[in-house]
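Below you'll find the structure, written out as structure tokens, and then a few comments.
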Amino acid sequence: MSASRYALGVALVVVVIAALAFGARRVRARLLPDWTGAPARLAEVLVGIAALILVPELLGAVGQFRRWPVVLALTVVGVAGGLLAGAPTSSSAAPPEARDPRTKGSRAVTVASLVVGAAVFAQWSAHVVSSYRAGIWDGDSIWYHLTFAAHFVQSGYVTHPIFTNADTLVTYFPANAEIFNAVTILPFGHDVLVPLVNLLWLSLALLAGWCIGRFYRAASVGLAGVAVVMSVPVVAATQAGTARNDVAAIALYLTAIALVLHARWRPAGLALGGLAAGLALGVKLSAIPAVAFLAVAVIVAAPAGARRRLALPWLGPLAGAGAFWYVRNLVLLGNPVPTVAVHLGPLSLPTVRVGGETGSIFEHVGDPGAWSSRFRPGLQLAFGDAWWMVPILVAVSIALILFLGRDHTARALAAASLLAVVAYAVLPNSAPGSGLVGGLNFGLNVRYALPAIAAVTALTASLPFMATVAGRAVSVAVFALAVGFGVSNRTFERLWEWQVSSSQRWIGLAAVLLAAAVIASFVVVITVRRGGRLALTMSLGVVIAVVAGGWWVQRSYLRDRYAHPRAGETSSPAWAWAQDLPPTRIGIVGDLLQYPYTGRALATRVRYIGTELDDGGFRSARTCREWRQALADGRFEYVVLSPNLLMAVRSDIDRAATWTMTVPGTTNVFHDAHTDVFRLTRTPDPDACP
């Protein structure tokens, strides 16, 4: 990336953030003028995130998901929103939010919880450093999360589905998190900010946990409770430094709960909570049960005489913010979730066929040896060697909240979380597969229950004994112990070294960088309070240091990104080959991990080769004619043939290679034990198959 392009990208980021911050602060001040501190900042961040997702979605619906339209629209929305809201005014419409008692012991507990949160942040930062060393190698990220984001940027559309393998399992997924990642790509034209994105979601989750606890005068407990969930191996190893979206769903779900609590049944606050819940609904299908039960819980917990009046401000933003992807699917296929069969009396919605095994936890409970072969290994994979600690904490917390919770709202929210966990256990993807794969899938898919689990650990702040310093101290100490087990665990590194890629060796550097950032921020805050030129000088110094450091980091990242093959990784040598190709079109068969083929500049369009079906489905080509027709329709210049773990039949790859080599003018430009890359110099003729 040239210096001028980097400078332009930095300028665009600054302009958009400044505009949205201006608008978000004024909108929040207009809607909730009495909110201060962390809840106010949480509401403002949510408003900014909503704009960053919803505005580009609408532009992408008409093919304008491009740099200048998105930047201009976000800037206009931010500035216009701020101007229309007007300057902030003071108000005494409601009492100020309660804070933790300012006692010496309470301050010590607060500091301890902040240290716990900082430890998790450092843990995640180590994985981020690893991603910046060689690119994001996480399987789901380079299978479809980043592939979706690149597709949005390249095509300008977000409503045109993309098929990433010979199936439709992920094609019609909601994609709010992928929109967010794509927006961070636009200013620079590269994915240099993507490894940082999930750190932002982590920060939002921790802030939401603090706010949940603060409502009950136990902010330290709420923060530490969320930190427990964010530190477990299945979260830290799969989310930190990657493009996966589970952390976004957790953060938005917790934000919705925090805003509902602080709203105190005021429509404006509930509307912001509904906005957060709706955004979570647009992140993952697995968030549907949690959000649905939360929606009901809020209505049930509302004052009896005000439920009808409060339903619209709560449910309206929820439906509006969460509907986009489901409406897209409904328009395209006639079913908002086309992979799920819907039969309601005479109503029957069309579906698309998906492959792969399914299986729920409930289905396997009675299997012989299920505990030893599936559930215990899966729990150990998800939560680490001390796997028993988190389930016990969650079970005890739910029981205590339901029976001892300080108010009706806390009990309703805990009940909603419990029902969400039960719903997760009956979902067909909670424990698919058999044998070793069954335990692996169960452990990985535990993350689908984590929004509800994080809500429970945060809501422990509502217990009566949290009103005492001793109660908060004991709770934070227990949570800190659980976080310690999570931060020190190396389960995923033992299983998949590529997934965490030397993170442990870099955790010291990450901790140093974190400490430096905290110290710099602390100094800036102190100097700002004192006022004067020193504050401005310090602030500018921090900004300049970040921009200068970013220049060095992005140069190193773009140089080494997918450039060095790793042992045991199919197709990785071909990833290095593809980095500096001029803009072209690559067709893939077999290998699902296709994002690296987009190259350093994300200029290469990569598509899985197959046949689209009339019902919206997708499958592999079955004849030479279908194969050549797919090549011609895709206008591919290169064809990559490589098997992966999910496609073990080598004969399928060999058949595609035979069909490709019969196309006149085709040459093999890359070959190793796993991968062949062919260059097509002529458009294949389907009628000329031998």
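Averaged per residue, what accessible surface does the chain expose to a 1.4 Å probe, in Å²?
On the way: 27820 Å² over 690 residues.
Value returned for the chain: 40 Å² of accessible area per residue.
Quote the FRET efficiency, to the nearest 0.05, computed for Glu357 versus Asp615 with a Förster distance R0 of 35 Å and r equal to the Cβ-Cβ distance.
Numbers: r = 22 Å, r/R0 = 0.62.
For R0 = 35 Å, the calculated efficiency reads 0.95.
Around Ala243, with a cut-off of 14 angstrom between Cβ atoms, what is the net charge of the other residues, counting Lys and Arg +1 and Asp and Glu -1? Write out the running numbers ahead of the final one.
Values: positive: Arg244, Lys284, Arg561; negative: Asp138, Asp140, Glu178, Asp191, Asp246.
Counting the neighbours of Ala243, the net charge comes to -2.
Report the FRET efficiency, 1/(1 + (r/R0)^6), for Thr658 and Leu481, where r is their Cβ-Cβ distance and R0 is 41 Å, rounded to 0.05.
Numbers: r = 59 Å, r/R0 = 1.45.
For R0 = 41 Å, the calculated efficiency reads 0.10.
So how strong a dipole does the stretch 281-428 carry about its Cα centre when Lys and Arg Cβ are +1 and Asp and Glu Cβ are -1, to the nearest 20 debye?
Details: 10 positive and 5 negative charges, 106 e Å.
It comes to approximately 520 debye.
Please give the net charge around Ala412, taking every other residue with its beta carbon less than 14 angstrom from that of Ala412, where Lys and Arg add +1 and Asp and Glu add -1.
Working: positive: Arg307, Arg406, Arg411; negative: Asp407.
Cβ neighbours under 14 Å give a net charge of +2.
When the chain is fully extended, how far beyond the present Cα-Cα distance does Ala11 get from Arg555, taking 0.36 nm per residue of separation? Mind dumping the intermediate values first?
Working: separation 544, 0.36 × 544 = 195.84 nm, distance 1.77 nm.
In short, 194.1 nm is gained.
Based on alpha-carbon atoms only, what is the radius of gyration of the stretch 153-242 relative to the globular estimate 2.2 N^0.38 Å? Display every interim value, and only then the final one.
Working: Rg = 17.0 Å, N = 90, 2.2 N^0.38 = 12.2 Å.
Output field value: 1.39.
Could you give the length gained on full extension between Asn668 and Val76, defined as 0.36 nm per residue of separation minus the Cα-Cα distance, in nm?
Values: separation 592, 0.36 × 592 = 213.12 nm, distance 5.01 nm.
Full extension of this stretch gives 208.1 nm more.
Apply 1/(1 + (r/R0)^6) to the Cβ-Cβ distance of Asp407 and Ala323, taking R0 = 30 Å, and write down the FRET efficiency to the nearest 0.05. Display every interim value, and only then the final one.
Details: r = 31 Å, r/R0 = 1.05.
With R0 = 30 Å, the Cβ-Cβ based efficiency is 0.45.
Just to make sure I understand: if all protein chains stay in place, what is the order of Glu637, Glu57, Glu44 by accessible area at 1.4 Å, largest first? Please list the in-between numbers first.
Values: Glu637 75, Glu57 5, Glu44 25 Å².
From most accessible down to least: Glu637, Glu44, Glu57.
Give me the accessible area of Phe173, 1.4 Å probe, in Å² rounded to the nearest 10.
Here the residue's solvent-accessible area equals roughly 50 Å².
If ligands, DNA and RNA are left out, what is the accessible area of Arg5 with a 1.4 Å probe, given in Å² to the nearest 10?
In the full protein context, Arg5 sits at about 90 Å².
Just to confirm the number: angle between the C-alpha axis of helix 469-488 and the first principal axis of the chain, 0 to 90 degrees, nearest 10?
Roughly 20 degrees between the two axes.
When Lys and Arg each count +1 and Asp and Glu each count -1, what net charge do the other residues less than 10 Å away from Ala301, Cβ to Cβ, add up to?
Numbers: positive: Arg307, Arg411; negative: Asp407.
Combined, the nearby Lys, Arg, Asp and Glu give +1.
Can you give the angle from 0 to 90° between the axis of helix 219-231 and the longest principal axis of the chain, with both taken from C-alpha atoms, to the nearest 10?
20 degrees
For Ala341 and Asp367 in the same chain, what is the full-extension length gain: residue separation times 0.36 nm, less their Cα-Cα distance, in nm?
On the way: separation 26, 0.36 × 26 = 9.36 nm, distance 2.66 nm.
Contour length minus the Cα-Cα distance gives 6.7 nm.
How big is the gap, in Å, between the Cα center of the stretch 441-482 and the Cα center of the stretch 336-376?
Here the two parts' Cα centres lie 30 Å apart.
May I ask you to rank His364, His564, His671 by accessible area, largest first, using a 1.4 Å probe over the protein chains only?
On the way: His364 30, His564 110, His671 130 Å².
Reading off the accessible areas and sorting them downward yields His671, His564, His364.
How much accessible surface does Ile179 have with a 1.4 Å probe, in Å² rounded to 10?
For Ile179, solvent-accessible area is about 0 Å².
Return one number: the angle in degrees, 0 to 90 and rounded to the nearest 10, between the long axis of the Cα atoms of helix 408-426 and the longest principal axis of the Cα atoms of the chain.
Once rounded, the angle reads 20 degrees.
Hey, if we sort His262, His674 by accessible area with the 1.4 Å probe, largest down, what's the order? Kindly include the intermediate steps, with their values, before the conclusion.
Numbers: His262 0, His674 85 Å².
Largest accessible area first, the residues go His674, His262.
About the Cα centre, and with charges only on the beta carbon of Lys, Arg (+1) and Asp, Glu (-1), how big is the dipole of the chain? Nearest 20 debye, please. All intermediate terms of the calculation are to be shown ahead of the outcome.
On the way: 53 positive and 34 negative charges, 498 e Å.
I would put it at about 2400 debye.
Among all cysteines in the chain, which have no other cysteine Cβ under 4.7 Å from their own Cβ?
Cys211
With each run of n ≥ 4 DSSP H residues scored as -39500 (n - 2.57), what mean residue ellipticity at 222 nm is computed for the chain after dividing by its residue count and rounding to the nearest 500 deg cm²/dmol?
On the way: 28 runs with 419 residues, N = 690.
Mean residue ellipticity, 222 nm, calculated: -20000 deg cm²/dmol.
Can you list the residues, at least 5 places off or on another chain, whose amide H is less than 5 Å from the amide H of Tyr562, using H built in the peptide plane?
Gly135
The values are calculated or read from the model by the stated rules, or taken from the named source; none is laboratory data. Values in this document were obtained by computation on a predicted structure and should not be read as measured data. Methodologically, a virtual Cβ is constructed for each residue, glycine included, from the backbone with ideal geometry; neighbour enumeration extends over all protein chains shown. Side chains are part of the model used for accessible areas, which takes the heavy atoms of the whole protein and leaves out ligands, DNA and RNA. Shrake-Rupley method; radii C 1.70, N 1.55, O 1.52, S 1.80 Å.
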